[in-house]
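The values are calculated or read from the model by the stated rules, or taken from the named source; none is laboratory data. It should be emphasised that the depicted structure is a prediction, and the values quoted were computed from it without experimental measurement. Backbone-built Cβ (ideal geometry, glycine too); neighbour counts: all protein chains shown.
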Amino acid sequence: MALQKNKIYRAEIIDFTAEGNGVARIEGMAVFVPRAAVGDQADIKIVRVNKNMAFGRIERIIIPSRDRIEPACPVAGKCGGCCYQHISYEAELRAKEKKVADALRRLGGVEGILEGITGAPSTEHYRNKAQYPVGQDESGAYTGFYRPRSHDIVRTERCLIQSERADRIARTVCDWMNDFSIPAYDEKTGRGVVRHIYVRTGAASGETHLCIIAARAKLHEQESLIARLREAEPSLTGVVLNINRRTDNVILGDKTVTLWGAPELQDSLCGNVFRLSPHAFYQVNHDQTERLYACALDFAGLTGTERVLDLYCGAGTITLAFAARAGQVIGVEIVPEAVENARENAARNGIENVSFFCADAGQAALMLTERGERPDVICVDPPRKGLDEAAIEAIGRMSPPRVVYVSCDPATLGRDVKRLAAHGYTAVRARAFDLFPRTHHVETVVLLSRDGTEEKN
């Protein structure tokens, strides 16, 4: 019998999806249930039925999972930022490790290579980057985070995974907006001024930096804003204004001007000092990133003479870490501001055995191939969409003995492991790292060997 919409069924949650939803099997069909925990026995109301799957919500928990806890966040289940606030951290790590192992096995065709997952020392206030959408109602301007699959802002004055400094700055900006009648931008009408409040914090430097994303090139009463911000947050080193008049979902516009102080944030990572523009990529969890990069270096097996190609290098964080152990490193990044940051960061740290190209990773790799470059190691740290076909083809043509793949999406990682296998690469080692506690995201480092002879340490 087919599942019926709006009917309530009693079932047990047996697994998690890649997005962190619970999975039950009812009448032989997979039913996806948000805010569920493996082991929950619950009454589940069916809210949508598709051809091969259904979606439900918990109406009543009959027997709670032993992993279930009371969420510490007051908006857990409403905000789209976290999906694991209701289970223990140990259970979350098990779910993420299984997610990576399943992707490597099902999509990559490899198993038995995952050497576990490295959990975070803390699940709270670990993010060094906060981008708050700004809304407005009859009570004034406010910040929060979007509901799942919508642009409705859930008002959130204190986020448990964001920096407390970032929350404090966001409140200060909203108070200033309300006191001086500065309107929030309205996506539906295209009117208003302030769109996002973007705060970065330096875990090592202690610095804080604010970028206000606005639909106008000038802010009224900006001197008052800066005075308030400096009083509220003494660690603040700079305030910039990013102008974004676009009508799509892209947060940052192309032009940024400095209102006060430094135009960039300074922080240190893996022994190197970095200055970071708002556009530059920088991992959000400082301590876990150092562990992630240490694993990538370990997998690379450098002795001091190798040529390394670092694709998707961002502001050069991995590139400069590799440079300390390699003969020569080439970094490739498509964002011009990030490449400029990377070159400045190399100079700032006195690192001379690096060079950077501003180009698409796949196109740059093919260009370097045609130029006769033959790296000993290629490191890739692509966005969630993974490697494009040009990058896969270039890696195959360059044929380095080792490829170190740093992934933020297990599904595209598994797919790319399979694609690289067609070019003679065998995945021989893998390690997962939780850089994003309480969310479904997980990072993984995989070592691929050209001849498959690399041995586990």
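Summary of computed values
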| quantity | calculated |
| --- | --- |
| Residue check, V308 outside the structural domain of N242 (by TED's automatic domain parsing), modelled with pLDDT under 95, more than 17 Å from E389 (Cα to Cα) and in contact with a Cys (Cβ under 8 Å, 6 or more places away or on another chain) | no |
| Tally, over the stretch 154-167, of residues that are over 11 Å from A130 (Cβ atoms) and buried (at least 16 other Cβ atoms within 10 Å of the Cβ) | 2 |
| Helices (runs of 4 or more DSSP H) enclosed by the stretch 275-384 - at least 3 residues per element that are surrounded by fewer than 21 Cβ atoms within 10 Å (Cβ to Cβ) | 286-300, 336-348, 361-370 |
| Strands (runs of 3 or more DSSP E) wholly inside the stretch 126-237 containing at least 2 residues that are among the hydroxyl-bearing types (S, T, Y) and in the same structural domain as G261 (by TED's automatic domain parsing) | 140-146, 194-201 |
| Filter result for V332 (in contact (Cβ under 8 Å) with a residue 24 or more places away in the chain, aliphatic (A, V, I, L, M) and over 19 Å from P278 (Cα atoms)) | no |
| Matching option when the condition is within 30 Å of I161 (Cα to Cα), of a type in the set (A, V, I, L, M) and buried (at least 20 other Cβ atoms within 10 Å of the Cβ), among L420, L447, L435 | L435 |
| The stretch 55-81 - residue that is at pLDDT below 95 and under 28 Å from M29 (Cβ atoms) and, of those, nearest to the chain's Cα centre (by Cα) | G80 |
| Enumeration of residues in the stretch 281-326 that are out of contact with any Leu (no Cβ under 7 Å at 6 or more places or on another chain), closer than 23 Å to S163 by Cα and among the small types (G, A, S) | G314 |
| Subset of the stretch 243-274 (residues that are assigned to a strand (DSSP E or B), of a type in the set (D, E, K, R) and either over 19 Å from the mean Cα position of the chain (by Cα) or surrounded by fewer than 20 Cβ atoms within 10 Å (Cβ to Cβ) (or both)) | K255 |
| Leading residue by the ranking (surrounded by the most Cβ atoms within 10 Å (Cβ to Cβ)) among those in the stretch 218-232 that are more than 16 Å from P183 (Cβ to Cβ) and in contact with a strand residue (DSSP E or B) (Cβ under 8 Å, 6 or more places away or on another chain) | L229 |
| Residue within the stretch 48-60 that is polar (S, T, N, Q) and surrounded by 15 or more Cβ atoms within 10 Å (Cβ to Cβ) present | no |
| Counted residues, the stretch 312-334 - those being within 18 Å of Q363 (Cβ to Cβ) and among the aliphatic types (A, V, I, L, M) | 3 |
| Within the stretch 385-417, tally of residues that are touching a residue at least 60 places away in the same chain (Cβ under 8 Å), among the aliphatic types (A, V, I, L, M), surrounded by fewer than 24 Cβ atoms within 10 Å (Cβ to Cβ) and farther than 17 Å from E19 by Cα | 2 |
